């Protein structure tokens with residue numbers, strides 16, 4: 001069917017609610033990037049200059065990317081319940097390539113507003129697409145084998161840290177694609193910037209794919225809730241224990257700081273690019289706990305949040321465009337010209353000295369979420385009642 005109305009598709013509310021929470025929190029970090037006065041000149045994780053609230057504003061958004069990719073694996077497994085292995089493999093391959101193209105062509109423009117694409121950044125949509133392509137080939141293996149591969153990639157990739165170049169301007173592009181953020185010039189005025197190296201993201205998706213076996217119709221809800229809670233607690237405990245040992249699992253050892261508050265911040269300040277073992281334990285562990293708590297959630301707020309989780313790609317692209325568009329409007333109405341926009345760096349219309357205090361960032365973020373709600377509601381209803389081929393990609 002490609003034009004007519006279709007019966008509403010059955011979805012798992014707990015996954016959509018959790019994904020909705022992720023999408024809402026994700027927007028906070030992107031609003032901070034474009035509107036916080038220190039976003040271009042400071043580092044919210046620098047113990048010497050940050051404040052607890054600024055650190056938390058950045059830290060809470062760490063939960064978004066890993067759980068987003070993790071749940072993408074779960075969604076792939078559940079999609080496979082309605083398709084043959086071959087059909088699922090082809091779908092994952094097509095969608096993976098589609099996401100990689102979306103990241104390069106659409107998201108890069110929304111991120112920079114640069115029509116010349118002087119910087120090609122490879123970000124979370126890119127690495128999600130790459131992971132789907134790999135998953136399309138691996139799904140023929142037994143689930144236990146996929147779990148072991150995923151676990152090895154997640155737990156073992158930090159062994160490769162020893163081979164990283166001294167900084168992101170050195171080393172090879174291939175190693176940048178694989179395991180270290182990297183900048184490579186190409187042509188006269190262009191660069192490739194690998195924000196998200198590939199490893200260990202395919203492992204995260206594989207583990208999420210394996211988790212999908214707990215969400216099949218034959219699995220008892222109470223048993224699933226118990227498994228999710230126990231696994232989440234175990235992974236979170238692993239983070240605490242390995243972090244206390246302070247030998248393996250992250251590029252940044254924690255150190256005693258000027259007081260207990262900043263020492264605590266240092267303890268939780270783990271590496272995102274690429275996501276370390278500790279980063280993934282710290283984010284996915286609590287994520288599983290939240291999933292268990294949402295198993296039978298029926299509160300009024302869940303009916304709102306679930307809509308954002310049902311249209312993640314639509315929301316992701318739209319919210320980024322709107323954030324940058326608002327920034328551009330403020331730039332132009334503030335007396336700047338379009339010619340000046342290209343001189344502000346990688347993100348056009350966003351000068352390094354522009355921005356507002358953190359409280360204003362939170363207000364802009366909340367306003368954005370409210371504005372997006374009716375748009376997400378419309379698209380969610382449209383997607384649930386139509387069966388156009390392109391809806392499975394966006």
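Describe numerically, in nm with one decimal, the distance between label points set 7 Å from Cα along Cα→Cβ at residue 248 and at residue 226. Computed distance between label sites residue 248 and residue 226 equals 3.2 nm.
When the chain is treated as a Gaussian network with alpha carbon springs shorter than 10 Å, the biggest mean-square fluctuation among 15, 330, 364 belongs to 330. Modelled this way, with points 7 Å down the Cα-to-C-beta line, the labels at residue 174 and residue 313 are 3.1 nm from one another. Taking all Cα pairs closer than 8 Å and separated by 6 or more residues, the relative contact order of the chain comes to 29 percent.
Computed log10 I(q)/I(0) for the range 260-371 at 0.11, 0.15, 0.16, 0.17 Å⁻¹: -0.63, -1.05, -1.11, -1.16, from the Debye equation with unit scatterers placed on every C-alpha and solvent omitted. Give the residues of the range 128-151 whose amide nitrogen is closer than 15 Å to a point set 7 Å from the Cα of residue 79 in the direction of its Cβ. Flagged as within label range: 128-140.
Per-residue extension of 0.36 nm, minus the Cα-Cα distance of residue 47 and residue 86, leaves a gain of 9.0 nm for this segment.
Treating r as the C-beta distance of residue 346 and residue 137 and R0 as 35 Å, the FRET efficiency rounds to 0.55. Rg ratio for the range 42-107: its Cα radius of gyration over 2.2 N^0.38 Å, N being its residue count, equals 1.68. Per-residue extension of 0.36 nm, minus the Cα-Cα distance of residue 152 and residue 241, leaves a gain of 30.2 nm for this segment. Label zone of residue 359 (point 7 Å out along Cα→Cβ, amide N under 15 Å): in the range 48-72 this covers 53-54.
Sorted fewest first by neighbouring Cβ atoms within 10 angstrom, 85, 225 come out as 85, 225. What 222 nm value per residue comes from the helices of the chain, counting each DSSP H run with n ≥ 4 as -39,500 (n - 2.57) and dividing by all residues, nearest 500 deg cm²/dmol? That comes out to -19000 deg cm²/dmol.
For the pair the range 157-199 and the range 298-362, the centres of their Cα atoms are 27 angstrom apart.
Which residue, 357, 44, 253, tops the fluctuation ranking in a GNM of the chain built on C-alpha contacts under 10 Å? Taking springs between Cα atoms under 10 Å, the residue moving most is 357. Between residue 301 and residue 190, the simple spin-label model (points 7 angstrom out along Cα→Cβ) gives 4.6 nm. For the range 47-99 versus the range 18-44, the inter-centroid distance based on Cα atoms is 17 Å. Give the separation of the Cα centroids, the range 256-289 to the range 208-241, in Å. Comparing the Cα centres of the range 256-289 and the range 208-241, I get a distance of 21 Å. Rg and Dmax, both from the Cα atoms of the chain and both in Å, are 21.0, 64.
For the range 139-296, the extents of the C-alpha atoms along the principal axes are 58, 49, 26 Å, listed from largest to smallest. With the highest mean first, a sort of the peptides 162-175, 29-42 on other beta-carbon atoms found within 10 angstrom per residue produces 29-42, 162-175.
Just so you know, all these numbers are worked out from the coordinates, no wet-lab data involved. Predicted model, so just to flag it, every value in this text is computed and none were measured. Cβ sites come from the backbone with ideal geometry, for glycine too, and all protein chains shown count toward neighbours.
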